[in-house]
1. Given the conditions (1) closer than 28 Å to R192 by Cα; (2) under 18 Å from the mean Cα position of the chain (by Cα); (3) surrounded by 24 or more Cβ atoms within 10 Å (Cβ to Cβ), which single one is not true for P153?
2. Let me confirm something: among V206, V227, V201, which residue is touching a Leu at 6+ places or on another chain (Cβ under 7 Å) and open to solvent by less than 10 Å² (accessible area, probe 1.4 Å)?
3. Which ones in region 84-120 are open to solvent by 20 Å² or more (accessible area, probe 1.4 Å), in a loop (DSSP other than H, G, I, E, B) and under 30 Å from H151 (Cα atoms)?
4. May I ask you to verify whether G101 is in contact (Cβ under 8 Å) with a residue 60 or more places away in the chain and small (G, A, S)?
5. Out of everything in region 23-51 that is assigned to a loop (DSSP other than H, G, I, E, B) and among the small types (G, A, S), what residue ends up being modelled with the highest pLDDT?
6. Kindly provide the set of residues from region 388-412 that are more than 15 Å from the ligand (Cβ to nearest atom), in a strand (DSSP E or B) and open to solvent by less than 30 Å² (accessible area, probe 1.4 Å), ordered by number.
7. Restricting attention to helices (runs of 4 or more DSSP H) lying wholly within region 282-387, give those where 2 or more residues are over 25 Å from the mean Cα position of the chain (by Cα).
8. Which condition breaks for T322 when tested against (1) away from the ligand (no atom under 11 Å from the Cβ); (2) surrounded by 15 or more Cβ atoms within 10 Å (Cβ to Cβ)?
Amino acid sequence: MTTRRPLLGCIADDFTGATDLANNLVRAGLRTVQTIGLPDAQAPAIEADALVVALKSRTIPAADAVAQSLAALRWLQAQGVQQIYFKYCSTFDSTPAGNIGPVTDALLDALHGEGRGFTIVCPAFPVNNRTVFKGHLFVGDVLLSDSSMRHHPLTPMHDANLMRVMQAQTRRRVGLVAQDVVAAGPEAIAARFAALQAEGVGVAVVDAVSDADLLRIGVALKGMRLVTAGSGIAIGLPQNWDRAPDAAGTASTLPAFDGLGAVVSGSCSAATNGQVAAFKAAGRPAFAVDPLAIAQGQDVAGQALAWATPLLADGPVLVHATAEPAAVQAVQAQLGVEQAGALVEGVLAQVARGLVERGVRRMVVAGGETSGAVVQALGVRQLAIGPQIDPGVPWTWAPTALGVPVHLALKSGNFGSADFFLKTFH
Ligand code: ADP
């Protein structure tokens, strides 16, 4: 039996981002395994074409994000991967303190030597309406800074100019590969990479407005030791290896569904607010978690579970902290941003665990940070990636520390159609 040595090693800065990336890799034909954090040293070698290590490092202190990412790099290198992919959000969620810049610098330093090396920045994900043009990130038809991302609870984005945003975070010089160069094809892109490097640029923002652009960029990334991007670029990388791809069907087969269904939502993104409204409008039961009640010491998780228990047999229920921006800001003004986030994540994680103890086996979790907290509370270590529900969101399947496996759909805040919470269970 031949072992399948991994070719591509990915480090994702949050959990939904990791599944989004794994989803694209599977669809491009790479057999992909996602791990939650780093596997134990004694864990058996994983047979796959691509490994995705899911960290929860997007909003932690930059030094911690760097340390965790370097540990992931070392583990991936020990698995023999040929290329490293640092995955962040397609809306470039970060602050001037990081963590995209500091992690990119640390990975480049580790791979090429202090201050050396070259990589790209490309959050474009055109099928989900994230495009980059002249170095500016668009969400749908508007600049990132005019999108709902300006209200994000943890990483509000007020500047769409990725060169400026990245330059504030990295020690390396930032340059641009503009769309006309990308449109000219892989050789033109590679030539521009070389020219930028000769000018002393270490990080190039790369425009992309279509999947065709991503495929052209992908060819030019052959041999680049570090790629940093959203999940979109993943569609262009498998073509660089001559390993026979898995038929998409076998790469994404999961065990059959059984058991009860539920949605746990801690995302306050515009799309999630719409999905919560649509779920309620369809007459499905919903429990709103009040962050101030948690801060007052009430057993909100217990209340939510007591509410949910008799309803579960009649179809999926929703427990959400999801709220409109004004309500979120009011809570943050009282509790502080981090405190509010941590309290809500803690309660939703407890609720998710309680729901599995009550027979839930299919769960949608909305929100990247929220998914991280839930997956940790369930003791999930590894996810198998299944069929796509909507762009960026596959069904996954995972054994838990509760002794039962669960199907999980980890939905990044702004992903999914308006009826996502309803259609997912059909
Ligand atoms: P997204 O994927 O939309 O960014 P996340 O789960 O990553 O969602 O982030 C949302 C953050 O907002 C989490 O830390 C969550 O706990 C917090 N949060 C959720 N609801 C509220 C609320 N009503 N008030 C304040 N913070 C909240």
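1. (1)
2. On the way: V206 fails: touching a Leu at 6+ places or on another chain (Cβ under 7 Å); V201 fails: touching a Leu at 6+ places or on another chain (Cβ under 7 Å).
So the residue among V206, V227, V201 that is touching a Leu at 6+ places or on another chain (Cβ under 7 Å) and open to solvent by less than 10 Å² (accessible area, probe 1.4 Å) is V227.
3. Across region 84-120, the qualifying residues are P96, A97.
4. On the way: in contact (Cβ under 8 Å) with a residue 60 or more places away in the chain: yes; small (G, A, S): yes.
So G101 passes the test.
5. Going through region 23-51, the residues assigned to a loop (DSSP other than H, G, I, E, B) turn out to be 28-31, 37-49.
Those still in the list that are among the small types (G, A, S) too: 28-29, 37, 41, 43, 45, 48.
Numbers: A28: 89, G29: 86, G37: 92, A41: 76, A43: 78, A45: 81, A48: 88.
Among those that are assigned to a loop (DSSP other than H, G, I, E, B) and among the small types (G, A, S), it is G37.
6. P394, W395, T396, A398, V406, H407
7. Working: elements: 291-295, 300-308, 325-335, 337-357, 368-378.
Once the helices (runs of 4 or more DSSP H) in region 282-387 are filtered for at least 2 residues that are over 25 Å from the mean Cα position of the chain (by Cα), what remains is 291-295, 300-308, 325-335.
8. Every listed condition holds for T322 apart from (1).
The values are calculated or read from the model by the stated rules, or taken from the named source; none is laboratory data. In this text, all values refer to a predicted model and were calculated from it rather than measured experimentally. For neighbour counting, all protein chains shown are included, and Cβ atoms are generated from backbone atoms with ideal geometry for every residue, glycine included. To get the accessible areas, we keep the full protein, side chains included, count just its heavy atoms, and leave off ligands, DNA and RNA. Shrake-Rupley method; radii C 1.70, N 1.55, O 1.52, S 1.80 Å.
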